[in-house]
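**Q** Below is a structure I'd like to ask you about.
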Amino acid sequence: MNCKEAQNLINGYVDGELDLVRNLEIEHHIQECALCTQSYKNQQLLRNEIKTGSFYFKAPADLQRRIQLSLRKATKAEGRAWVLPKWWFNIAAPMAAAAVMVLALVPFLRGPSADDLLAREIVSSHVRSLMASHLADVPSSDQHTVKPWFAGKVNFSPPVEDLAKQGFPLIGGRLDYLDNRPVAALIYQRQKHFINLFIWPSESDSAVETKTVSRQGYNLSHWTRSGMTYWAASDLNNAELQEFVQLLQNQTSPTS
Ligand SMILES: [Zn+2]
C-alpha cells in the first residue's frame, strides 16, 4: 500500500469501516510511514473532538428567522422575474372582480352590533313580561311606591315618572336582567298597549340622542341621559312611543 491509497482509506480506518485485509494493510503502512501516522492521529483527534461535543455550538436565536427572511426575499425576487401567461389573466380578472365584491359586502356581513344584540334581548324581555303574567313585581301606579321598591334590589335609583295625566299611566315596576346586569323595568300603559321602560346606569356620563329601531314588530327607543341608559319597548305605534319618550325626557330632570 502506498501513501496515496493509505490517505484515501484513513477515514474509513478510523471509523472502523474497512474489511480485515484492508485494516491490516493500513496498520502495516502507518507503522512505517510518519506522514500517514500523523494523518491517522489527526483524524482520530477530530473524531474524538466531534464525539465529545466540543465542536458543537448553539446556533444564534435569530438564525432561523434570518434564513427564512432571506428565503422569502429570494422567492420574491424570483417571483418578479416570472412572466405570467395570458390565460392567467383570464382567471385572475374575474377573481379580482369577485374579491372587490366581497370587500364591498364586508360591512353587511359583519356580525350584529352590541346595540343589535341588546335590542334582541330587550324584545325578548318585553315579550316574556307580557306572556307570563309577570309584568310587575310591584304593581302600583304610585311613583313613590315603585321608586323605593328598587332600593336594595339594584345598586342605583331609577327615576320613576308618573305620566298618567298625559295618557301613559304607570302600572308598576319589575326587576329584570339585561346586558349581564340587573336592571329596573318600569311598566307604562297606553290603552291596551304596554310599554316596558328598562333603566340602568350608563357606562359614560355623556348623553346619547334617542335612537329608534323596529324589531320583530316592536318599536324600541333608546337614549342616555344624566348617567342613565333607557330602553323603551312596546307594540305601540312609533308616533305614540315617541310621544311617550318625549314626555319622559321632559320630566327627567338632570339631577334625578
Ligand atoms: Zn504513508
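Bear in mind these aren't lab numbers, they're just calculated from the coordinates by the rules spelled out. What you are looking at is a predicted structure, and each value in this text was computed from that prediction instead of being measured. Note: ideal-geometry Cβ built from the backbone for every residue, glycine included; neighbour counts use all protein chains shown.
**Q** Using a Gaussian network model of the chain whose springs link C-alpha atoms within less than 10 Å, name the residue from T37, T75, T224 with the highest mean-square fluctuation.
**A** Sorting by GNM fluctuation, first place goes to T37.
**Q** For R47 paired with Q251, estimate the spin-label separation in nm (one decimal), with each label point 7 Å from Cα along the Cα-to-Cβ line.
**A** Label at R47, label at Q251, 10.1 nm between them.
**Q** If you don't mind, another one. Counting only trypsin sites (Lys or Arg not before Pro) that are in a DSSP loop and have at most 13 other C-beta atoms within 10 Å, tell me the longest site-free stretch of the chain.
**A** Values: sites that count: K58, R110, K153, K165, K192.
In the chain, the maximal stretch lacking such sites is 193-256.
**Q** Across all directions of projection, what mean area in square nanometres is found for the Cα convex hull of segment 3-48? Provide the component values of the computation, followed by the final result.
**A** Details: hull surface 11.1 nm².
So the mean shadow area of the Cα hull is 2.8 nm².
**Q** So which cysteines in the chain don't have a second cysteine's C-beta under 4.7 Å from them?
**A** Within the chain, the cysteines lacking a partner Cβ under 4.7 Å are C3.
**Q** Can I ask one more? What percent does the relative contact order of the chain come to when contacts are Cα pairs within less than 8 Å and at least six residues apart? If you can, show how the numbers build up before the last one.
**A** Details: 291 pairs, mean separation 26.3, N = 256.
After rounding, I find 10 percent.
**Q** Among S124, S157, S70, determine the one that fluctuates most according to a GNM of the chain built with springs between C-alpha atoms less than 10 Å apart.
**A** With Cα springs under 10 Å in the chain, the top fluctuation among S124, S157, S70 is at S70.
**Q** With unit charges on the beta carbons (Lys and Arg positive, Asp and Glu negative) and the dipole taken about the Cα centre of segment 120-255, which residue among V160, V183, V245 sits farthest to the positive side?
**A** So the residue furthest toward the plus end is V183.
**Q** Just how far, in whole angstrom, is segment 1-42 from segment 130-153 if you go by their alpha carbon centroids?
**A** Cα centres, segment 130-153 to segment 1-42: 104 Å.
**Q** Given springs between every Cα pair under 10 Å in a Gaussian network model of the chain, which of L236, L46, L117 has the largest fluctuation?
**A** L46
**Q** How large, in Å, is segment 206-250 by the Kirkwood hydrodynamic radius built from its alpha-carbon pairs? List each step's numbers first, then the result.
**A** Details: mean 1/r = 0.0939 Å⁻¹.
Hydrodynamic radius (Kirkwood, Cα only) of segment 206-250 equals 10.6 Å.
**Q** Hey, got the dipole for segment 95-215? About the Cα centre, +1 on K and R Cβ, -1 on D and E Cβ, debye to the nearest 20? Mind dumping the intermediate values first?
**A** Numbers: 12 positive and 12 negative charges, 77 e Å.
Computed charge dipole of segment 95-215: roughly 360 debye.
**Q** Could you pull the Cα extents of segment 120-255 along its three principal axes, largest to smallest, in whole Å?
**A** Principal-axis extents of the Cα atoms in segment 120-255, largest first: 33, 31, 30 Å.
**Q** Here is a further query. Hey, if you drop one equal point scatterer on each alpha-carbon of the chain and run the Debye formula without solvent, what base-10 log of I(q)/I(0) do you get at q = 0.09, 0.14, 0.16 Å⁻¹?
**A** -0.63, -0.93, -1.14
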